[in-house]
Amino acid sequence: MIKITIAGRPNTGKSTLFNALTGSRDALVHDRPGVTRDTIEGIVREKPYKIFDTAGLENTKNAISLNSTNSAINAITISDAILFVVDGRTGLTSEDIEWAKLVRRKTKAPVLLLVNKTESEKRLSDIHDFYKLGFGKPVTISAEHKIGFDEIYRFLEGINDTESSQEQMNSNQIKIAVLGQPNVGKSTLVNKVLGENRQIVMDEPGITRDTVKIPTTFYGRNIILMDTAGLRRKSNVKDDVETLSALKSLDAIEKADVVILVVDATKNIENQALGIAARVYDAGKILCVALNKWDLIDAEERDEKLLKLKHQFTNSYHQIIKPMILAISAEKGSGVKNMFKRIYEQYDISNSDAPTSLINKIIEKLIETRQPPMSRLKRPMKIKFARQTGHHPMKITINVGGASDIPESYTRYIRRGLAQALKWEHLPIVIEYKKDDNPFD
């Protein structure tokens, strides 16, 4: 669903327009400027558009107004289109010009310039002045009387067509989120892949605050890189912006196909990194642990450090058989292409379907090697039929008769055997048992 943001200085009628387009009263409307403080979200009535009403853009040192303005700017940067609202009665102001410049800096999204409060031509100032904003032909509307809305809908329909084409193109792209604690080199890695200094890189942690999505082509594949804010322990997070950034970073896991967890090889791996890995595995996503700054590790220490880290991950998570841990230097670029090659291989495997006949042959051999244990009622467990029933994570459903209390140790045995035979060692795997209630069994 495309995102539309209503923006402009205070008291131009943005909230009235929001309520009119959504057919609601969700936005508070008052003649006094600055009533709207938070960004309000809604759905355009009978249209597939998500729309945001924002606070008026203001130059101020007041903490509340400053936060409201920053929230509005953030909504502008993530939107697919902007409805820039000015006051037709007041005429063009220096604030309109200033904020129009900001909108052009913050987004490349198309902008529709709306001159509001134009129900009376007698009270309308010189319409041609608004061309100075650089948004093309001004569209006269009255949000209160719902005049001029046809032009808005035509504009949005054009955006929708473009968005549909973009979504179709993006469906063929691998979405890769880059996560990790602050200052481990996430943005440096993103810049290396892009071949340009797109993301700000500084020694100071916490520079990246938002999740930035960047479509690109790397090593022969179309991908969408998601550079995220650094994740710290909750006890160390005292800033609301950092809290929101962290939530967006975690949300990126759900939206990604693959997660690259960047860790600093020069330091010990903290429980925080293992916690991020747990979220990735639970979400059923492919995880690649990037040991960054590997070039700074003494050669004689590398084997021991790599082995220790693999043991940490293997012992922590039963969903994964063999964690994908690769050494890189984001700054120098060493190991980066190899890492993406391995990621692409696992992504392709994760989208494949294993033949049902092959799965059952593998399980039959596993049973021959190690018989299932008896149940608490001393009844044998009978594995009758198995098939693949899902991806991300790879899911195997096994029909069983007899015992239903299958111990976790035997499930791990089945999972490991399947993973090794199907080359799924790096992928999260879920084994689900379905009891066969056939009365003639």
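Throughout, read-outs are computed from the coordinates displayed, never taken from laboratory work. Predicted model, so just to flag it, every value in this text is computed and none were measured. As a convention, Cβ positions derive from the backbone with ideal geometry for all residues, glycine included, and neighbour counts pool all protein chains shown.
Other residues with beta-carbon under 15 Å from the beta-carbon of residue 415 carry, at +1 per Lys or Arg and -1 per Asp or Glu, a net charge of +4.
Close amide H contacts of residue 332 (hydrogens built in the peptide plane, cut-off under 5 Å, sequence separation of 5 or more or a different chain): none are found.
In order along the stretch 143-159, phi translates into HN-Hα couplings of 4, 5, 9, 6, 9, x, 6, 4, 5, 5, 5, 5, 4, 5, 5, x, 5 Hz, rounded to whole numbers, per the Karplus curve 6.51 cos²θ - 1.76 cosθ + 1.60 with θ = phi - 60° and x for Gly and Pro. Calculate, for residue 153 and residue 217, the FRET efficiency according to 1/(1 + (r/R0)^6) with r their C-beta to C-beta distance and R0 45 Å; round to the nearest 0.05. Between residue 153 and residue 217 the formula returns 0.80. Residues whose amide H falls under 5 Å from that of residue 181, counting only those 5 or more places apart or on a different chain, are 231, with hydrogens built in the peptide plane. Here the stretch 349-367 and the stretch 414-428 have alpha carbon centers that stand 10 Å from each other. For the peptides 356-369, 174-187, residues were scored by their other Cβ atoms within 10 Å and the scores averaged per peptide; the highest-first order is 174-187, 356-369. The relative contact order of the stretch 265-371 comes to 26 percent, based on Cα pairs under 8 Å that sit 6 or more residues apart.
Across the cross-link table entries 192/310; 108/341; 255/308; 285/310, which are compared at the Cα atoms, the separations over 24 Å belong to 192/310; 108/341; 255/308.
Return the percentage of antiparallel bridges among DSSP beta bridges fully within the stretch 280-432, rounded to the nearest 5 %. DSSP beta bridges in the stretch 280-432 are roughly 50 percent antiparallel.
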